[in-house]
Amino acid sequence: MNAWDIFIRQFIEKEGYTLVLQGLGTTLIIAVAGLAIGLIIGSILAIVKIIPGKNPFLLVLQRFADVYVALFRGTPMVVQLLVVHFVLFPSLGIHILSEIEGTIAFGLNSAAYVCEIMRGGILSIDKGQTEAGRSLGLSYSTTMIKIVIPQAIKNVIPTMGNEFISLVKETSVLSFIAVVDVTKAFQTMANSSYEYVVPYLMLAVVYLVIVLIATFVIRILERRLRASDKR
Amino acid sequence: MTNDNSNEVLQEASNSEGMIKIQNLKKSFGKANVLKGITTTIKKGEKVVIIGPSGSGKSTILRCTNLLEEPTSGEIWLDGKLINEVDPYNHDDILKISSTFKKLTAEGYSEELALAEIKNNILIKSDFKEGREFVKAKKEFKKANSININEARARMGMVFQHFNLFNNLTVIQNMILAPVQLKRKTKEEAIADAEKLLDRIGLLDKRDVYPSTLSGGQKQRIAIVRSLCMNPEIMLFDEPTSALDPEMVGEVLDLIQELANEGMTMIIVTHEMGFAKKIGTRVMFVDQGLVAESGTPEELFGNPKNARLKDFLSKVLY
């Protein structure tokens, strides 16, 4: 029996596909939920970092945002995952699904990157846009919400897409905390048949397809948002 | 004849309360002192043109007037209301309750000498001791006399060199954003007014396009009418034609001239000397952060007294 036949037998007859589909679902859900959490926390951090002012409360928040970004960008994702699973939640005495812990870890990690992406996006908007808004009597927040942030979002879509793609790929370390993602699913199949070539090549193809689909979706989104540049 | 006219203008200036009062305005960026003490009053209906070499601080005066730049010191008043921080330099009565003043008078200085000493030496060196009563008086003065900056800006339209139309909004959205957000008009009223203004400048057909499709001249004319949507009492023009192709300068200047003819109060920073001469009721020549000469266009262009102004004019008028 050749390698392909072994894989097919495992995948179909031994119902390996249920594990793979389950793992695929876990990977996608954690990546999407992680990005969603990252977008929310990251955008808040970016705005905190950008607001001008000498309010002491704001300065403390800005300091916190700096430390947060340094911490999450300065340590490997796997380490953060391990810390969340083995240190943070146990020490708080909280017992939740490893999948949820994984989502939280990826969300917190992603927030640091999203923060810097959003900040860069906001800073890339010409100062004249803010000045025009303020000179009409609009408040700082209205100017940001109605004028600067919509333009910034349009500019950061490609980079945000990048962030999502690397997030999808990084979820492959989830097995460190015993979450069955798509990597773990293929790994399990390989280990039980001692046939590694096909499962791991298939795994690579699965990630590639996810990333290609994501790239396609991002491109459509980008084109739609760029409508105001043409016409 | 021109002399009579200018006397009349000066007479009026001293009689009526100014619409905008700039008192001892100073601005530095780091170590560069861009404005070194500008004092002027702009009355309702006046069209003040600011000219001067580049880097002289012309635009900074304008940008300080609506606080896009925070003045380092000095005060900006709009219609009798303070719009920035209280500058003790302009208020002898507040200075008189400061710790430093009390110390100096105790040392035997007369009141006038103590004030002069504080203004000329001590405030600059920033070893001025305020004291609790002084801080309280300053706060009370501000509370009694100032208005919110957003409120003030809504009453002052500003037109920029680079137009600064909102790129993410269509022309009509650009125009109605501020009046609707600030609840000056309902959306329907705002749209109706905006359409009227667009029709007036012949760009009603551009109502729903994005700014990126417009020419420079069209952008600037829309930027001007966008400001008009807030019904401002005064318009500030910061080199409105400097970024335009030559063939588009005329259409923008015509629109500004029209507004001037309707009696709009204006401060215009420009390099168009012909235009300055035609539109200005008063021209200010700014050089090295100070008003070097000021007067009617006839005086300034016809009979310049300041050596630097003569030099400047010889370079720009050929």
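Looking only at segment B:86-136, residues that are small (Gly, Ala, Ser), outside any helix (DSSP H, G or I) and under 26 Å from B:ILE38 (Cα atoms) come to 2 in all.
What's the total number of residues in segment B:125-151 that are away from chain A (no Cβ under 14 Å) and either surrounded by 15 or more Cβ atoms within 10 Å (Cβ to Cβ) or touching a helix residue (DSSP H, G or I) at 6+ places or on another chain (Cβ under 8 Å) (or both)? If you could, list the steps in order and put the result at the bottom.
Initially, segment B:125-151 is screened for residues away from chain A (no Cβ under 14 Å), giving B:125-146.
If we keep only those that are either surrounded by 15 or more Cβ atoms within 10 Å (Cβ to Cβ) or touching a helix residue (DSSP H, G or I) at 6+ places or on another chain (Cβ under 8 Å) (or both) too, we end up with B:128-131, B:134, B:137-138, B:141, B:146.
Of the residues in segment B:125-151, 9 are away from chain A (no Cβ under 14 Å) and either surrounded by 15 or more Cβ atoms within 10 Å (Cβ to Cβ) or touching a helix residue (DSSP H, G or I) at 6+ places or on another chain (Cβ under 8 Å) (or both).
Within segment A:17-38, not a single residue is assigned to a helix (DSSP H, G or I), at pLDDT 95 or above and within 30 Å of A:GLU131 (Cβ to Cβ).
Any chance segment A:175-188 includes a residue that's outside any helix (DSSP H, G or I) and more than 26 Å from A:GLY102 (Cα to Cα)?
From segment A:175-188, those outside any helix (DSSP H, G or I) are A:178-181; that's our starting set.
Narrowing the set further to residues that are more than 26 Å from A:GLY102 (Cα to Cα) leaves none.
No: segment A:175-188 contains no residue that is outside any helix (DSSP H, G or I) and more than 26 Å from A:GLY102 (Cα to Cα).
Might you check whether a residue that is without any contact (Cβ under 8 Å) to a residue 40 or more places away in the chain, surrounded by fewer than 17 Cβ atoms within 10 Å (Cβ to Cβ) and either closer than 21 Å to A:GLN80 by Cβ or β-branched (Val, Ile, Thr) (or both) occurs anywhere in segment A:51-59? No: segment A:51-59 contains no residue that is without any contact (Cβ under 8 Å) to a residue 40 or more places away in the chain, surrounded by fewer than 17 Cβ atoms within 10 Å (Cβ to Cβ) and either closer than 21 Å to A:GLN80 by Cβ or β-branched (Val, Ile, Thr) (or both).
For B:GLY263, the conditions (1) modelled with pLDDT of 95 or more; (2) not in a helix (DSSP H, G or I) all hold with the exception of (1). The listed residues are B:ALA114, B:ALA154, B:ALA192, B:ALA178, and the only one of them that is more than 14 Å from chain A (Cβ to nearest Cβ) and surrounded by 15 or more Cβ atoms within 10 Å (Cβ to Cβ) turns out to be B:ALA114. Just one of (1) more than 14 Å from chain A (Cβ to nearest Cβ); (2) aliphatic (A, V, I, L, M); (3) within 18 Å of B:SER28 (Cβ to Cβ) fails for B:LEU68. It is (1).
Checking the condition farther than 23 Å from A:LEU221 by Cα, more than 11 Å from chain B (Cβ to nearest Cβ), modelled with pLDDT of 90 or more and part of a helix (DSSP H, G or I), which residue from A:THR171, A:THR142 passes? Step by step, each of A:THR171, A:THR142 is checked, and only A:THR171 is farther than 23 Å from A:LEU221 by Cα, more than 11 Å from chain B (Cβ to nearest Cβ), modelled with pLDDT of 90 or more and part of a helix (DSSP H, G or I). Residues of segment B:195-233 that are β-branched (Val, Ile, Thr) and at the interface with another protein chain (Cβ under 10 Å from one of its Cβ atoms): B:VAL209, B:THR213.
Suppose we filter A:ILE149, A:ILE125 for residues that are within 14 Å of chain B (Cβ to nearest Cβ) and part of a loop (DSSP other than H, G, I, E, B); which single one remains?
Details: A:ILE149 fails: part of a loop (DSSP other than H, G, I, E, B).
Matching residue, one of A:ILE149, A:ILE125: A:ILE125.
The values are calculated or read from the model by the stated rules, or taken from the named source; none is laboratory data. Computed from a predicted model, the values in this text were never measured in an experiment. A quick note on method: Cβ atoms are made from the backbone with ideal geometry, for glycine too, and the neighbour counts reach across all protein chains shown.
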